[in-house]
1. Counting only Cα, what are the radius of gyration and maximum Cα-Cα distance Dmax of the range B:2-95, in Å?
2. Return, ordered by residue number, the residues of the range A:272-291 whose backbone nitrogen is under 20 Å from a label point located 7 Å along Cα→Cβ of A:R316.
3. Per 0.36 nm of contour for each residue apart, how much would the distance between A:K61 and A:N388 grow if the chain were fully extended, relative to their Cα-Cα spacing?
4. Any chance you could tell me what percent of the C-alpha pair distances in the range A:110-251 go past 20 Å?
5. So for A:T239, A:T39, A:T337, A:T11, fewest C-beta neighbours within 10 Å to most, what's the order?
6. Return the distance in nm (one decimal) between the two label points of a simple spin-label model at B:T8 and B:D44, each offset 7 Å from Cα along Cα→Cβ.
7. Which values, in whole Å and largest first, are the semi-axes of the equivalent ellipsoid of the range A:1-86 obtained as the square root of 5 times each eigenvalue of the Cα gyration tensor?
8. So in the protein assembly as shown, what percent of DSSP beta bridges are antiparallel if you round to the nearest 5?
Amino acid sequence: MKRLLILGAGTSGTMMANHLVSKLPKNDWKITIVDQYKTHYYQPGFLFLPFDIYTTKQVKKNGKKFIPKKVEYIQKKIELIQPEANKVELEGGEILNYDILIVATGTKIAPAETEGMDGPMWHKNIFDFYTYEGAKALRNKLREWKGGKLVVHITEMPIKCPVAPLEFAFLADSYFKNKGMRDKVDITYVTPLGGAFTKPKATETLHYLLEEKNIKEVTDFSIERVDYENNKIIDYADTEVEYDLLVTVPTNMGDELIEKSGMGDDLNFIPTNKATLQTNDYENIFAIGDATNLPASKAGSVAHFEAEILTENILRYINGEPLKEEFDGHANCFIETGNGKALLIDFNYTHEPVEGSFPFPHVGPLSLLKESRTNHMGKMAFRWIYWNMLIKGIHIPFVSATMSEKGKHFETIEK
Amino acid sequence: MIKTFCKTQVEVNVSEDGYLEDMSQWNKEIAHEIADEIGIELTDKHFEVINYLREKAAAKEALTIRKVGKSGIVTIKELYQLFPKGPLKFSSKIAGIPKPTSCI
């Protein structure tokens, strides 16, 4: 009996277990998945938790429920991958041998990378919203906050869901308006990039949103340290931004397991072939989702598209066929813009987000790169899709793994 | 787009925002001219960074400020002092390598 081992039961790992259970020959292959945590979080919900739009119950479920019964599920900490020996060591010294390994260990925030960030003021007036704990602590803070300078900040790229901090700023604008205290809050968006959006064309098209919502912008800000005693962030060029409430996205890094196993780059992400998802160094090890170093967004939609292609490549690998070089970096993200509206963007490695309709050319019902209520409904409906279809590996109708160019206005925002 | 450097009178292909499209067309004189345009006077330390960047770019390794900070050549703080306001953008431009793409 051969073993296919999946490390990590988050979005990517759970999807792969569900995809592969019905596809691998049962008599020859056993699938095992390992994760140390019991809870599966709906991570896109962390954006809504601080604003009391979602409850804590809506963003977490018991992870085991989503793992197929025929897959062996081990809830233990992973100590080490020994890629040369095809072995993985778990806590307590248990050894798992594998024939094929899929690494889906994701990314984590690393506030300790920035001086002063996770010091005495962490979760007091400096918050993250990329963890359940951070988002919940921030919710409690916002409920009683009397106003002042709110700074929404990105430490360095790459980060999971690159548009989330901007959505946070937009939602904060709505939240304080609804509370009747927008005039008491000064919102500043601070980014290491040259513009608010990560893609230059979207930045040009959507800049009006920041002006409309009176959100100030500080760009090209590369943070050196947080001066938590004087409530300011300072960058390497000695620019200072003062805050009363700092909502930051700390440095994102791959799991320390990757570093310990000597398999990562300087941020612990695994060098991976961007079209096939095979790791660069080991032919029987594949990586998916946030754990890779792919130049694509670290987002659930990307993992979803990757999973469809990786499933096929695993089968090809088993049959000794050449791998399909098909993954194109496809990402599809809703961007909440506040007041019950949202944008939708669809892009890949080579194409920037453009205007048009989705998923049906010229019909929609969703519109690309334009604010609409339908898009917001789409984002809200997505939570149901996530728990009931996406992580169970059920294909979402009409949405293909590679990006479609139909019904999109590639020429309209070319310079 | 073709750009002619006045002092050296060489013609090179550059991108819309002035980055060399072919890093093999680069030489030290061109580096000095680009640096002049930006307003940076190049020292030996600048060239240590530039050579490091060119080496990594030739090996097709993605460059980040963090990576340069760990190179052992300069700290991130020193990189900012050498190339104020654009530690990676300006240093890449002067080094004749493509514009860094950290945005995804």
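Here, each number is a calculation from the coordinates, and none is a lab measurement. The structure displayed is predicted, hence computed values, not measured ones. In this analysis, Cβ positions are derived from the backbone assuming ideal geometry, glycine residues included, and neighbour counts consider all displayed protein chains.
1. Computed over the Cα atoms of the range B:2-95, radius of gyration and Dmax are 12.8, 37 Å.
2. Answer for the range A:272-291: A:272-289.
3. Details: separation 327, 0.36 × 327 = 117.72 nm, distance 1.20 nm.
Length difference between fully extended and current span is 116.5 nm.
4. On the way: 4229 of 10011 pairs.
Tail fraction, whole percent: 42.
5. Details: A:T239 16, A:T39 12, A:T337 23, A:T11 29.
Fewest-to-most Cβ neighbours within 10 Å comes out as A:T39, A:T239, A:T337, A:T11.
6. Roughly 2.2 nm, to one decimal.
7. Numbers: eigenvalues 171, 46, 19 Å².
Taking √(5λ) for each Cα gyration eigenvalue gives 29, 15, 10 Å.
8. Values: 41 of 78 bridges.
DSSP beta bridges in the protein assembly as shown are roughly 55 percent antiparallel.
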